[in-house]
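Colleague: Here it is, the structure in full.
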Amino acid sequence: MARQIMVAGNWKMNGSRDSVKVLLDGIKAGLGNVTKSAVVVCPSYVFLADVEQMIAGTIIGLGAQNLSTESAGAFTGEISASMLKDFGCQYVIVGHSERRSLYGEDDALVAQKYAVARAAGLTPILCVGETLAEREQGITEEVVARQLDAVIELEGVAALADGVIAYEPVWAIGTGMTASPEQAQDVHAFIRSRIAEHDAAVADKVQILYGGSVKGANATELFSKPDIDGGLIGGASLDAEDFLKICSAAP
Ligand code: PEP
């Protein structure tokens, strides 16, 4: 069964109530041409309520960028899975490299976040990927395997069928340095084969997105690779025209 292409926009800590409205109006105006891809936007927490209303009745799905492992209580500044559900989220990004590198999230915590999201009925978008130094040392596969294995060990491989994986080489995020379609395909194929060692059906089903300086101009070539099932988009998701171009790039 062919996997559907998904394009998810990670808006990071950008925007205002006004700019988010302008961006979404622009995206909504062009959605008629998006016939093959699932489209998701991941705004900052504070915009979730506005965005939930603005995307009602469209094909756009809603995601958050992070969540707490705790369900409620004295955890100042944290947001729980049930709160995200309450605001219409279907997806949540876990383990983005910015969370890993700037906020000290390790594999074990990311795996816990994956588990908590899944238990709440959210679809976790699990980010994995190597730094430039790790690629240069030739340990890309080792790093990605370790990040994946943390989830498999905690939750079992079947849990991956309930999520989405985003391969995001850290050196390609926000740098303008995209992995070549061949480089990305190689790692995507590795991820799928690693999962297939446990369960071939899960490996075949799981959507693996590529993230790292995807633009309208390079999305078609990336998405035409057999193991690349769409993209997690940072910078280009803040520009309605470019984001729509990426959303229309499904082969
Ligand atoms: C990201 O942060 O998930 C990302 C892929 O960013 P960019 O597209 O800007 O490289």
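The values are calculated or read from the model by the stated rules, or taken from the named source; none is laboratory data. Because the structure is a prediction, the values reported are computed rather than measured. Reconstructed Cβ throughout: ideal geometry from the backbone, glycine too, with neighbour counts over all protein chains shown. Please note that ligands, DNA and RNA were not included when accessible areas were found on the heavy atoms of the full protein model with its side chains. Shrake-Rupley method; radii C 1.70, N 1.55, O 1.52, S 1.80 Å.
Colleague: Keeping all protein chains in place and using 1.4 angstrom, which order do ASP186, ASP227 fall into by accessible surface area, from largest down?
Modeller: ASP186, ASP227
Colleague: Between segment 133-172 and segment 183-199, what is the C-alpha centre distance in whole Å?
Modeller: Distance between centres, Cα-based: 10 Å.
Colleague: Assuming 0.36 nm per residue, please report the length gained on full extension of the stretch GLU197 to ALA56 beyond their Cα-Cα distance.
Modeller: 46.8 nm
Colleague: Okay, moving on. Kindly identify segment 1-83 as rounded, prolate or oblate by the Cα gyration tensor criterion: order the square roots of the eigenvalues as a ≥ b ≥ c, call it rounded if a/c is under 1.5, otherwise compare a/b with b/c, prolate if a/b is larger, else oblate.
Modeller: oblate
Colleague: Moving on to the next point. How much FRET efficiency would the formula 1/(1 + (r/R0)^6) give for ALA108 and LYS21, where r is the Cβ-Cβ distance and R0 is 35 Å, rounded to 0.05? Let's see the in-between values first.
Modeller: On the way: r = 39 Å, r/R0 = 1.11.
That pair, ALA108 with LYS21, gives E of 0.35.
Colleague: Convert each backbone phi in segment 205-214 into a coupling constant with the Karplus relation 6.51 cos²θ - 1.76 cosθ + 1.60 (shift: θ = phi - 60°), then list the ³J(HN,Hα) values in order as whole Hz, x for Gly and Pro.
Modeller: 7, 5, 7, 10, 8, 9, x, x, 6, 6
Colleague: Using unit Cβ charges (K, R positive; D, E negative) and no other charged atoms, how large, in debye to the nearest 20, is the dipole of the chain about its Cα centre?
Modeller: 680 debye
Colleague: Measure off, as a whole percent, the carbon and sulfur share of the 1.4 Å-probe accessible area of segment 1-81, all protein chains present. The partial results should precede the final answer.
Modeller: Numbers: 2200 of 4060 Å².
Ligands and nucleic acids excluded, carbon and sulfur give 54 percent.
Colleague: Calculate for the chain the 222 nm mean residue ellipticity that helices alone would give, adding -39,500 (n - 2.57) per DSSP H run of length 4 or more and normalising by residue count, nearest 500 deg cm²/dmol.
Modeller: -12000 deg cm²/dmol
Colleague: Another one. Number of Lys-Lys pairs in the chain under 21 Å by Cα, sequence gap 8 or more or different chains?
Modeller: Here the count comes out as 19.
Colleague: Which of LEU160, GLY235, VAL40 sits closest to the plus end of the dipole of the chain, meaning its Cα is farthest towards the positive end, when Lys and Arg get +1 and Asp and Glu get -1 on the C-beta?
Modeller: Result: VAL40.
Colleague: Between ILE5 and residues 5 or more places away or on another chain, which pairs have amide H atoms under 5 Å apart, with H built 1.01 Å from N, and which residues are they?
Modeller: ALA38
Colleague: Pop out the carbon and sulfur fraction of the accessible area of segment 143-189 as a percent, whole number, probe 1.4 Å. Walk me through the numbers before you get to the answer.
Modeller: Working: 850 of 1590 Å².
The nonpolar share, carbon plus sulfur, comes to 54 percent.
Colleague: Please calculate how many Å² of accessible area the chain carries per residue, with a 1.4 Å probe and no DNA, RNA or ligand atoms counted.
Modeller: 43 Å²
Colleague: When the chain is modelled as a GNM with alpha-carbon springs shorter than 10 Å, which of GLN137, GLN207, GLN90 fluctuates the most?
Modeller: GLN137
Colleague: Would you list TYR103, TYR114 from the most to the least accessible area, probe 1.4 Å? Working shown, then result.
Modeller: Working: TYR103 145, TYR114 0 Å².
Highest to lowest solvent-accessible surface, that is TYR103, TYR114.
Colleague: Here's a follow-up. Over the chain, with a Gaussian network built from C-alpha contacts below 10 Å, which listed residue (THR131, THR220, THR76) shows the highest mean-square fluctuation?
Modeller: Among THR131, THR220, THR76, the largest GNM mean-square fluctuation belongs to THR76.
Colleague: Testing the spin-label approximation: label points 7 Å from Cα along Cα→Cβ at GLN90 and ALA2. State their distance in nm.
Modeller: 2.0 nm
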